[in-house]
Amino acid sequence: MIELERALDELAERVQIPGGDWLVGDVLRRVGEPVQHRPRRRVLALAGALVALVAGATLALPGPRHAVARWLGFDSVHIEPGGTVPTTASPPATASTSPTSQTTAVATTTTTAVPPALDLGPDVSMAEAMSRAGLPDPTPALLGRPQSVHVVHPPDSGQIILVYAPSELLPMSPVIGVGALVSVFPAHIEEGFFAKALGNDATVRSVDVPTADGGFWIEGAPHQLFFDSAGQSQLDTLRLATNTLLWQRGDHVYRIEADISLETALRIAASVP
Amino acid sequence: MTTESTEPSDADLVARARAGDDAAFGALVGRYQTAALRLAAVISGSPDDAADIAQEALVKAHRSLPKLTDPAMVRPWMLRIVANEAKNHLRSRDRRHRRESRYGSWTVAAMPDPETSVLDADDARELALALGRIAARDRQVLAYRYFAGLSETETARALDVAAGTVKSRTARALARLRVEMGQR
């Protein structure tokens, strides 16, 4: 005769419940739907500000699809599908050979003005970016020196974003004149936050990234990032509707956004010092 | 960078969620999703429907946040909404899905450790079927205590009864479940 209470505990542990992994995201997506009936002032204010900055962009309101097992309460990264990007807000740029290309960069890198639709702010030196954000240099040796370097927010402390023009390695992204964005920010990835999106083609899967503590490959649909700091959550501007590789190294998350294969993304990631 | 990790309390998350921070509500859902799913599964009898039931209930919980009187007790409050949704779901589907077929179709993971596990596959099936045969009132208290992992105090809050009542109801429900198991 089995011990009944232990048996109940064990049955609860072992019963298989399909679809539960995406519960948090499913709930929040629905919570975010009737916005017109229940406006969330802070998010709407932020959305308004971003819309003002990003001409033609449509900002998706929060609906993160994540199945979180626990809440860290600081600097967590969530991914949410949906939204649109400032696709052709920038006119086609005239390609020219970059005077700053390094020998380690792939061939035929072109230089363009940074599309204003990306809302990246002024181009700064890498030294200044590292100093201001307190972050390491995320430059992948495989890509070489970027077209421009920016410090943007969120998070409050800033993230460094490198802009790369299209090249043989980096196809044109939906934002004309841009091949890839490489960024680093202080955060921690919580695996449970990632989910395959219902209703669109976004997929997320865990991948091994050399020299990293863990990584994720997001394919097939635009997404946004949430930065949750002690008492606030913020929308990050949706910049490219491309595949994305995210990987954790220590207290930092690195990100490559580009229309590239996972294999290429992993090669690029492996070249980040 | 300061990496001190201080997890916010349930009450903090409730306050943030009430102020419009959906991520905070997501954190609450994340904390209690396992309990919610298991609760929905055992009360409805259908693990396949548990995710839908829990989702529906938690959306309702979000809308009802202003009615929550004790933010520190958000867990039993949310799970009570899940339990009610599961009961409603059960009523709506009962005609089409016989109880025995629901509880008899549970899939359980393999025994994690044959040395310490108390349930083989047959036992698991019999126990699920027995849960389906006892009264809903008995099943509910067992669901809160053993599937959702609520304490007696939390179960009392979820059932809106005194803590002592939970103890006696649990004992009674276990006895009835034992009888159901013994008859098989």
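Considering only residues that are at pLDDT below 55 and either open to solvent by less than 40 Å² (accessible area, probe 1.4 Å) or more than 13 Å from chain B (Cβ to nearest Cβ) (or both), which ones fall in region A:222-237?
If the condition is that a residue be at pLDDT below 55 and either open to solvent by less than 40 Å² (accessible area, probe 1.4 Å) or more than 13 Å from chain B (Cβ to nearest Cβ) (or both), then A:PRO222, A:HIS223, A:GLN224, A:LEU225, A:PHE226, A:PHE227, A:ASP228, A:SER229, A:SER233, A:LEU235 are the ones that fit.
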Next item on the list: For region A:140-151, enumerate the residues that are in contact (Cβ under 8 Å) with a residue 60 or more places away in the chain and either under 16 Å from the mean Cα position of the chain (by Cα) or crowded, with 22+ Cβ neighbours inside 10 Å (or both).
Entry: A:PRO140, A:LEU143
Check: For region B:146-166, what are the residues that are touching a residue at least 12 places away in the same chain (Cβ under 8 Å), assigned to a helix (DSSP H, G or I) and within 13 Å of chain A (Cβ to nearest Cβ)?
Finding: B:PHE147
Check: Taking B:ASP12 and the conditions (1) within 11 Å of chain A (Cβ to nearest Cβ); (2) open to solvent by 20 Å² or more (accessible area, probe 1.4 Å); (3) touching a residue at least 40 places away in the same chain (Cβ under 8 Å); (4) over 15 Å from the mean Cα position of the chain (by Cα), which numbered condition does it fall short on, given that it satisfies the others?
Finding: (3)
Margin query: If I ask for residues that are under 17 Å from B:ALA17 (Cα atoms) and either touching a residue at least 24 places away in the same chain (Cβ under 8 Å) or open to solvent by less than 10 Å² (accessible area, probe 1.4 Å) (or both), which ones from region B:53-69 would you list?
Written below: B:ALA57, B:LEU58, B:VAL59, B:LYS60, B:ALA61, B:HIS62, B:LEU65, B:PRO66, B:LEU68
Checklist line | Of residues in region B:113-145 being of a type in the set (Val, Ile, Thr) and facing another protein chain (nearest Cβ under 10 Å), the one most open to solvent (accessible area, probe 1.4 Å) | finding: B:THR116
Next item on the list: Just name the residue that is nearest to A:PRO146 (Cα to Cα) out of those in region A:257-269 that are more than 15 Å from the chain's Cα centre (by Cα) and open to solvent by 50 Å² or more (accessible area, probe 1.4 Å).
Entry: A:ARG267
Next item on the list: For region A:196-206, state whether one or more residues are closer than 16 Å to A:SER261 by Cβ, open to solvent by less than 30 Å² (accessible area, probe 1.4 Å), modelled with pLDDT of 75 or more and not acidic (Asp, Glu).
Entry: no
Next item on the list: Mind counting the residues in region A:155-172 that are open to solvent by less than 10 Å² (accessible area, probe 1.4 Å), in a loop (DSSP other than H, G, I, E, B) and not aliphatic (A, V, I, L, M)?
Entry: 2
Notebook entry, point to check: When you scan region A:1-22, how many residues do you find that are within 19 Å of B:ASP48 (Cα to Cα) and more than 7 Å from chain B (Cβ to nearest Cβ)?
Noted result: 3
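Which one is nearest to B:ASN84 (Cα to Cα), of the residues in region B:33-45 that are buried (at least 24 other Cβ atoms within 10 Å of the Cβ) and not hydrophobic (A, V, I, L, M, F, W, C)?
Only one residue tops the list, namely B:SER44.
Each row is one residue, and each column tells you yes or no for (1) in contact with a Lys or Arg (Cβ under 8 Å, 6 or more places away or on another chain); (2) at pLDDT 90 or above; (3) part of a helix (DSSP H, G or I); (4) more than 8 Å from every other protein chain (Cβ to nearest Cβ).
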| residue | (1), (2), (3), (4) |
| --- | --- |
| B:GLY20 | yes, no, no, no |
| B:VAL29 | no, yes, yes, no |
| B:THR34 | no, yes, yes, no |
| B:ILE43 | yes, yes, yes, yes |
| B:ALA51 | no, yes, yes, no |
| B:GLN55 | yes, yes, yes, no |
| B:ALA61 | no, yes, yes, yes |
| B:ARG75 | yes, yes, yes, yes |
| B:ASN88 | no, no, yes, yes |
Next item on the list: Spot the failing condition for B:PHE25; the list is (1) facing chain A (nearest Cβ under 7 Å); (2) under 26 Å from A:HIS252 (Cα atoms); (3) open to solvent by 10 Å² or more (accessible area, probe 1.4 Å), and only one is missed.
Entry: (3)
Item checked: region B:101-126 residues that are among the aliphatic types (A, V, I, L, M), paired with ones that are loosely packed, with under 14 Cβ neighbours inside 10 Å and not in a helix (DSSP H, G or I) (beta carbon under 6 Å, 6 or more apart) -> B:VAL118/A:GLU3
Next item on the list: Run down B:VAL161, B:VAL141 and say which single residue is β-branched (Val, Ile, Thr) and more than 18 Å from B:ALA86 (Cβ to Cβ).
Entry: B:VAL161
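The values are calculated or read from the model by the stated rules, or taken from the named source; none is laboratory data. Note that the coordinates shown come from a computational prediction; the quantities given were computed from them, not determined experimentally. Methodologically, a virtual Cβ is constructed for each residue, glycine included, from the backbone with ideal geometry; neighbour enumeration extends over all protein chains shown. Surface accessibility is based on the protein's heavy atoms, side chains included, excluding ligands, DNA and RNA. Shrake-Rupley method; radii C 1.70, N 1.55, O 1.52, S 1.80 Å.
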